[in-house]
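The values are calculated or read from the model by the stated rules, or taken from the named source; none is laboratory data. Model, not experiment: these values are computed from the prediction. Virtual Cβ from ideal backbone geometry, glycine too; neighbours counted across all protein chains shown. Quick note on the areas: whole protein, heavy atoms, side chains included, nothing else; ligands and nucleic acids left out. Shrake-Rupley method; radii C 1.70, N 1.55, O 1.52, S 1.80 Å.
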Amino acid sequence: MRTAVLPLGATEQHGAHLPMSVDSDHADRLGVLVAERLGDALVLPTVRIGCSSHHLGFAGTLSLRAETLEAICADCCASLAAHGFRRVLIFSAHIGNYPVLSDIEPKLAARLPSDLDVIAFADSAAVLRAWRDAAQRVAGLADHVGGHADIAESSIMLAVRPDAVRDDRAAAGFTGSMDDALLARVFTDGVKAVSPDGVLGDPRGMSSELGFACLTAVADLLTEHAKARYRPLT
């Protein structure tokens, strides 16, 4: 076994109906699904705190600096290299970690042995498209996908940890278009400035069926990304 999967999560608010652990619980399950698809791959423990400064307006959120998350990834990869691993796929179930992942490959390449391939996935738009496609196919509710505590994340939690979902407290948050300008405002001014309840999208209509569909779609997306980047092992 020479391939490893490193899932990244977060500890942050997800509206009134979901726990702080959504992104980490989600990453736990995705890591297993991806490893199964890759075959003969080890799933590392999920990094359960991420870059969540834009959620600090809500009590309970914990956040790492970008350089801290990068250092954690580097140290994990160095440990794997020391044990003979040759490939590492790093992905995040928390979109707030994507800015770190978008340029982490060259940074880690400069710090790690040359025979360790680090493959990072940082295409948040592809994830949101996969969620919208699943939401439309299963429930006809693509417009309820907003990216945070929405119908997709809420459904994923119904599939992964149904006991942690308080569907009686589910309510819509910001339901406008999540374009680049709005996403930039979220990262600059914080989620609370855009959505006082911390929800981006609408969780209503959530179902475990949709949750499994979202998990399958993103696991396939991550697997395809990794395999397209594989170099032959020697």
Rounded to one decimal in nm, the spacing of the 7 Å Cα→Cβ label points at ALA71 and THR216 is 4.3 nm
Work out the FRET efficiency for LYS192 and ASP168 from their Cβ-Cβ distance, taking R0 = 22 Å, and round it to the nearest 0.05.
0.45
Given an 8 Å cut-off on Cα distances and at least 6 residues of separation, report the relative contact order of the chain as a percent.
24 percent
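At a threshold of 8 angstrom on Cα-Cα distance, excluding pairs fewer than six apart, so keeping six or more, what relative contact order does the range 125-214 reach in percent? Don't skip to the answer; put the middle values down first.
Numbers: 154 pairs, mean separation 39.6, N = 90.
Relative contact order for the range 125-214 comes out at 44 percent.
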Evaluate the charge dipole of the range 125-214 about its Cα centre and quote only its size in Debye, nearest 20, assuming +1 on the Cβ of each Lys and Arg and -1 on the Cβ of each Asp and Glu.
60 debye
Helix-only CD estimate at 222 nm, as mean residue ellipticity for the chain, using -39500 (n - 2.57) per DSSP H run (n ≥ 4)
-14000 deg cm²/dmol
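Calculate how many DSSP beta bridges within the chain are antiparallel, expressed in % of all such bridges and rounded to the nearest 5.
Numbers: 3 of 18 bridges.
Restricted to the chain, the bridges split so that about 15 percent are antiparallel.
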Of the listed peptides 131-142, 209-220, 14-25, 150-161, what is their order by residue-averaged count of other C-beta atoms within 10 Å, with the highest listed first?
150-161, 14-25, 209-220, 131-142
Hey, how many Å between the Cα centroid of the range 81-114 and the Cα centroid of the range 180-234?
19 Å
Residues meeting the amide H criterion for ASP117 (H placed from the backbone, H to H distance under 5 Å, 5 or more places apart or on another chain) are ARG87, VAL88
Could you give the angle, 0 to 90 degrees to the nearest 10, between helix 208-229's Cα long axis and the longest principal axis of the Cα atoms of the chain?
30 degrees
Which of the trypsin sites (Lys or Arg not before Pro) found in the range 9-72 are loop residues per DSSP with 12 or fewer other Cβ atoms within 10 Å of their Cβ?
ARG65
What is the angle, in °, between the Cα long axis of helix 180-189 and the longest principal axis of the Cα atoms in the chain? Nearest 10 is fine, range 0 to 90.
90 degrees
Heavy-atom accessible area of the chain with neighbours in place, 1.4 angstrom probe: carbon+sulfur share in percent works out to 53 percent
